[in-house]
Amino acid sequence: MPIAQAKRKLEGRDPAIIRMDHEKYEVISARIMDALENMVDTLEPTGIDEAFFDLTASTTGDYAKARERVASIKKAIFDDEYLTSSVGLGRSKAVAKLGSDMSKPNGLTVVLPEETAKFLAPIPASKLYGVGPKTSASLTEMGISTVAELTMAEPAELERRFGRKFGGYLLAVATGMDDGKVTKGLEPTQFSRIVTLKQDTRDPKEILDQLSGGIDYVHEKLAASSRSFKTITAIGVLIDLSTRTKSRSLETPLDDPTTLRGSILSLFEELGKSTGKDFRRVGIRVSGLSATGTQGSLNEFLRLAR
DNA sequence: ACAAGCGACGC
DNA sequence: CCAGCTTCGCTTGT
């Protein structure tokens, strides 16, 4: 069972990533995302102007068909919104991503499955999806700079340095065998706002004052999406840019701004004490979001039931 | 299973 | 390029 499924994944999927060359304009982006949803099998937005999508089923894994489909998608976006897009088509998310990077602006790069190894070999490992500055530095220490070199690394050493999961991912992604599926986009799970203080401080009153607009913003986001939060977090960024947080979970989700202000004030009192240093930037985050409507009627029900 | 805290990555 | 925002994973503790 795992084998059959893995094989299907390995041979069958053509995720592609699309990137619009003109950013901004959330509204336009949302409109395009909506349109895209009807043109692909699965759409996974990964940012305001990017999304992975899968065409495996509707093209029966045929890359020629997939290329035509992508071309028509690019044309639709251009016709509707006068925006160009850059797309990579390949056998894994990471390959598709690299292809789209390479194709911009307004391009389409197709990496056939049998070309994958040759395509990946000379690329710097630092360009791989999921490999950032920290991982790059570690790889450099190991004498690894290209993807080809990464494929030849000792699996045991990768696992030792990066852990079983991420080490395994690195090896997989280097061979184009990363098998992360394209999944449907999810609802947001948190909202946050961070501001830079006029002067470094740990004084809760001063922080609340300067963060006030941020609290309003978060509350507006909650209201706009009819959501309540279960957890509220005070975020403090120190001068060295390290982050300290203090969070509190409620028994019942709330969305009321007064609670928000009161909680954030006491959280910053605690955070300032435990940290013992001034903050350069401060923020608020709400998470554990749930639909306010549903929760409200549940509360109503419980109240009436009594 | 959930809560809390931290860090890395990507956009 | 940076700042700000989001998501995810790891770790520890209950």
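A few notes on this one:
- Value of relative contact order over chain A, rounded to a whole percent, pairs C-alpha under 8 Å and six or more apart: 15
- With respect to chain A, whose longest principal axis is taken over its alpha-carbon atoms, helix A:257-275 is tilted by about 80°.
- Close amide H partners of A:THR201, meaning residues 5 or more places away or on another chain with modelled amide H under 5 Å apart, are A:PHE279.
- Across region A:2-174, C-alpha contacts under 8 Å between residues 6 or more apart give a mean separation that, scaled by the residue count, equals a relative contact order of 18 percent.
- A:THR146 long-range amide H proximity, modeled H, under 5 Å: A:ALA125
- Angle of helix A:204-224 to the longest C-alpha principal axis of chain A, folded into 0 to 90 degrees and rounded to 10: 60°.
- Most fluctuating residue given options A:ASP256, A:ASP178, A:ASP41, as computed from a GNM of chain A linking Cα atoms under 10 Å: A:ASP256
- Taking the centroid of alpha carbons for each part, region A:90-135 and region A:228-278 are 40 Å apart.
- R0 of 41 Å, Cβ-Cβ distance A:ASN106-A:SER192: FRET efficiency to nearest 0.05: 0.75
- Considering helices alone, the calculated mean residue ellipticity of chain A at 222 nm is -15000 deg cm²/dmol, with DSSP H runs of length four and up weighted by -39500 (n - 2.57) and normalised per residue.
- Rough spin-label spacing in nm, given labels placed 7 Å along Cα→Cβ, for A:GLU141 and A:ALA156: 2.0
- Under the simplified labelling scheme, the A:ALA148-A:THR231 pair shows an inter-label distance of 4.5 nm, with each label point 7 Å from Cα along Cα→Cβ.
- Measuring nothing but protein heavy atoms, the accessible surface of region A:178-270 at 1.4 Å probe radius is 47 percent carbon and sulfur.
- Taking only protein heavy atoms and a 1.4 Å probe, the accessible area of region A:2-174 is 56% carbon and sulfur.
- Cross-linked pairs A:LYS75/A:LYS104; A:LYS118/A:LYS184; A:LYS97/A:LYS184: Cα-Cα separations exceed 23 Å for A:LYS118/A:LYS184.
- Legend: calculated FRET efficiency, A:THR175 to A:ALA71, from the Cβ-Cβ distance at R0 = 35 Å, rounded to 0.05, equals 0.80.
- Counting only alpha carbon atoms, the long axis of helix A:2-12 and the longest principal axis of chain A meet at about 70°.
- With all protein chains kept in place, the per residue accessible area of chain A amounts to 55 square angstrom at a probe of 1.4 angstrom.
The values are calculated or read from the model by the stated rules, or taken from the named source; none is laboratory data. Everything quoted here is computed from the prediction, not taken from an experiment. So basically every Cβ, Gly included, is an ideal-geometry build from the backbone, and we count neighbours across all protein chains shown. Just the protein is used for accessible areas: all its heavy atoms, side chains included, with ligands, DNA and RNA removed. Shrake-Rupley method; radii C 1.70, N 1.55, O 1.52, S 1.80 Å.
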